[in-house]
Amino acid sequence: QAQLVESGGGLVQPGGSLRLSCAASGISRSINRMGWYRQAPGKQRELVAYIISGGTTNYADSVKGRFAISRDNAKNTVYLQMSSLKPEDTAVYYCTADDRLRNYWGQGTQVTVSS
């Protein structure tokens with residue numbers, strides 16, 4: 001049974017940092033791309049960042065220079081280091097992974113940026 005489990009969300013003050021983690025298990029094929037999406041209340045889900053197995057990364061313009069995505073292929077784990085957080089970063093963050101045949105999603109972790 002494929003499963004993506006996120007951790008690391010929480011409440012942080014503006015300008016602060018958080019690190020999200022997502023561990024994938026039960027996926028029999030090699031994972032190609034892993035990434036993070038987010039969905040704020042009343043808004044559509046949007047891409048935050050992704051990383052391909054070879055290391056290529058892509059970021060939404062709104063997080064470039066503030067967020068960094070990385071992965072441990074041996075552990076099928078992806079990380080999102082978030083710095084200089086802003087109130088507009090408040091959202092549920094979802095981990096995603098694909099094995100070229102199917103896309104998998106985590107349950108989401110809440111990130112709230114507020115003073």
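The values are calculated or read from the model by the stated rules, or taken from the named source; none is laboratory data. Since this is a predicted model, take the numbers as computed values, not measurements. Neighbour counts are summed over all protein chains in view; Cβ atoms, including those assigned to glycine, are modelled from backbone coordinates with ideal geometry. Each accessible area value is taken on the protein alone, full model and side chains, heavy atoms only, with ligands, DNA and RNA left out. Shrake-Rupley method; radii C 1.70, N 1.55, O 1.52, S 1.80 Å.
In the stretch 1-29, the residues that are touching a residue at least 12 places away in the same chain (Cβ under 8 Å) and farther than 14 Å from residue 90 by Cα reach residues that are of a type in the set (D, E, K, R) and surrounded by fewer than 12 Cβ atoms within 10 Å (Cβ to Cβ) with C-beta atoms within less than 9 angstrom, at least six apart or across chains, in these pairs: 2/102; 23/75; 24/75; 27/102; 29/100; 29/102. Sub-6 Å Cβ pairs linking a first residue in the stretch 94-115 that is farther than 15 Å from residue 34 by Cα to a second residue that is among the aliphatic types (A, V, I, L, M) and open to solvent by less than 60 Å² (accessible area, probe 1.4 Å), at least 6 apart or interchain, are 110/92; 113/12; 113/85, ordered by first then second residue.
Screening residue 33 against (1) in contact (Cβ under 8 Å) with a residue 40 or more places away in the chain; (2) more than 17 Å from residue 103 (Cβ to Cβ) leaves a single unmet condition, (2).
Identify all residues within the stretch 51-69 that are modelled with pLDDT of 95 or more and either open to solvent by less than 50 Å² (accessible area, probe 1.4 Å) or within 19 Å of residue 113 (Cβ to Cβ) (or both); write none if there are none. Hits for the stretch 51-69 are 51, 59, 60, 61, 62, 63, 64, 65, 66, 67, 68, 69. Set side by side, the residues 81, 44 differ, and just one is in a strand (DSSP E or B) and open to solvent by 50 Å² or more (accessible area, probe 1.4 Å), which is 81.
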